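Undergrad: Let me begin by handing over the structure; questions about it come next.
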Amino acid sequence: MARILVTQRLIDGGLARLGSSDHEIVALEQPGPLPTAALARAASDVDGILCLLSDRIDQQILSLPRLSVVANVAVGIDNIDLAAARAHNVAVVNTPGVLDASTADLAILLMLAARRRSSEAEADLRAGRWTGWSLGDHLGDDLSGATVGLVGRGRIGQAVERRLRGFDATVLHHTRHDTGLEGWHGSLHELAAEVDVLSVHVPLTVETRALIDRSVLAVMRPSAVLVNTARGPVVEEAALIDALTSGTIAAAGLDVFEREPEVSTALLAAPGTVLLPHVGSATTATRLAMCDLASKGLLAILDGELPENVVS
Ligand code: GLV
């Protein structure tokens, strides 16, 4: 029998698979991440950890002698020091596939909200500033027929592309390697200059940190919007705030931020922003599927198997 630490409170039903295993489950019930030292103490005698993306799983945790697997209830794994995991022979599993639809839906929601200025319109209504229908109030731009540039074209990017077909959008993409598909742009700057919406769908890595920097924002159209449902640090936030404030671009729909859960006051004050608290995968069905897939991978590793969702 192995011992498994669950680092934070999950949702109802989230522990189903682990709970019905033969292993001992130590489920911490606090609603947020523990500081590293406290997490290391809690994990000192476990074989597996089921964690959330807000947990930092670093060298101190990964070097614990008994630990053999970390299962992240997320597809992004930038909260885990993969080099340390490799060095200490700790397997890492994540949740690919099960959150593609929910995250793609949210990217479309942000594209629509940013293009149609719905947050601003709703704020006006709620504040009693709506005094009657007017031809010229709250004018935005259509997503229908727009040109959308996807930065990254993995599973989530492709799910976004499928949805955009229903909007008669022209969908282009930038990836490092030539996809051989129509719409591929080897130059991110050329893509950025051509589109009405630039939407980010890459994981956070050393290569993608600040990929959308000042120089990319500078070539975008003044009417264009930036959408980020991937990871905050892929976008240089200070440059984005400047771009919105100066009118270099029109709007931004963001579900992720550079220093979550902090959202800078400058970003909150910037015009044309639709801001959500990292809810891309936040539907009950998807979050349950994520808990289940991470648990399944963790149990497989403990059983000496190599599950499909092993990352490292
Ligand atoms: C959510 O952001 C995830 O990586 O699963």
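Undergrad: Report, ordered by the first and then the second residue, all pairs with beta carbons closer than 9 Å, sequence separation of six or more or different chains, a first member in the stretch 79-100 that is over 14 Å from ASN309 (Cβ atoms) and more than 16 Å from the ligand (Cβ to nearest atom), and a second member that is assigned to a loop (DSSP other than H, G, I, E, B) and open to solvent by less than 20 Å² (accessible area, probe 1.4 Å).
TA: Listed pairs, sorted by first residue: ALA84/VAL90; HIS88/LEU67; VAL90/LEU67.
Undergrad: Checking VAL46 against (1) buried (at least 21 other Cβ atoms within 10 Å of the Cβ); (2) away from the ligand (no atom under 16 Å from the Cβ); (3) in contact (Cβ under 8 Å) with a residue 60 or more places away in the chain, which single condition isn't satisfied?
TA: All conditions are met except number (3).
Undergrad: For the stretch 37-60, give me each residue that is of a type in the set (Gly, Ala, Ser) and outside any helix (DSSP H, G or I).
TA: ALA43, SER44, GLY48, SER54, listed by residue number.
Undergrad: Can you find a residue in the stretch 131-142 that is open to solvent by 30 Å² or more (accessible area, probe 1.4 Å), in contact (Cβ under 8 Å) with a residue 40 or more places away in the chain and more than 16 Å from the ligand (Cβ to nearest atom)?
TA: For the stretch 131-142, residues open to solvent by 30 Å² or more (accessible area, probe 1.4 Å), in contact (Cβ under 8 Å) with a residue 40 or more places away in the chain and more than 16 Å from the ligand (Cβ to nearest atom): present.
Undergrad: Looking for whichever is under 30 Å from GLY145 (Cβ atoms), of a type in the set (Ser, Thr, Tyr) and away from the ligand (no atom under 12 Å from the Cβ) here; the options are SER63, SER119. Which one fits?
TA: Answer to the selection: SER119.
Undergrad: From LEU198, LEU244, LEU191, LEU204, which residue is in contact with a Gly (Cβ under 7 Å, 6 or more places away or on another chain), part of a loop (DSSP other than H, G, I, E, B) and either more than 16 Å from the ligand (Cβ to nearest atom) or closer than 19 Å to ALA104 by Cβ (or both)?
TA: LEU204
Undergrad: Identify, from the list ALA192, ALA224, ALA218, the residue that is out of contact with any Cys (no Cβ under 8 Å at 6 or more places or on another chain) and either surrounded by fewer than 17 Cβ atoms within 10 Å (Cβ to Cβ) or outside the structural domain of GLU258 (by TED's automatic domain parsing) (or both).
TA: Criteria check complete, one pass: ALA218.
Undergrad: Also: With the condition kept exactly as written, say whether any residue in the stretch 83-106 is among the basic types (Lys, Arg) and in contact with a Pro (Cβ under 9 Å, 6 or more places away or on another chain).
TA: no
Undergrad: Kindly evaluate ASP242 against the criterion of being open to solvent by 40 Å² or more (accessible area, probe 1.4 Å) and in the same structural domain as ASP105 (by TED's automatic domain parsing).
TA: yes
Undergrad: Ok, one more. Filter the stretch 272-291 down to the residues that are in contact with a helix residue (DSSP H, G or I) (Cβ under 6 Å, 6 or more places away or on another chain) and in a loop (DSSP other than H, G, I, E, B), then identify the one that is farthest from the ligand (Cβ to nearest atom).
TA: The extreme case among them is GLY272.
Undergrad: So, one more: Within the stretch 7-37, count every residue that is over 20 Å from LEU288 (Cβ atoms) and of a type in the set (A, V, I, L, M, F, W, C).
TA: Looking only at that region, the number is 3.
Undergrad: Just a yes or no: is a residue in the stretch 18-25 among the β-branched types (Val, Ile, Thr), open to solvent by 40 Å² or more (accessible area, probe 1.4 Å) and free of Cβ contacts under 8 Å to residues at least 60 places away in the same chain?
TA: Yes; the residues of the stretch 18-25 include at least one that is among the β-branched types (Val, Ile, Thr), open to solvent by 40 Å² or more (accessible area, probe 1.4 Å) and free of Cβ contacts under 8 Å to residues at least 60 places away in the same chain.
The values are calculated or read from the model by the stated rules, or taken from the named source; none is laboratory data. These numbers come from a predicted model, not from an experiment. Glycine gets a Cβ as well: all are built from the backbone with ideal geometry, and neighbour counts include every protein chain shown. In case anyone asks, the SASA skips ligands and DNA or RNA and just uses the protein heavy atoms, side chains included. Shrake-Rupley method; radii C 1.70, N 1.55, O 1.52, S 1.80 Å.
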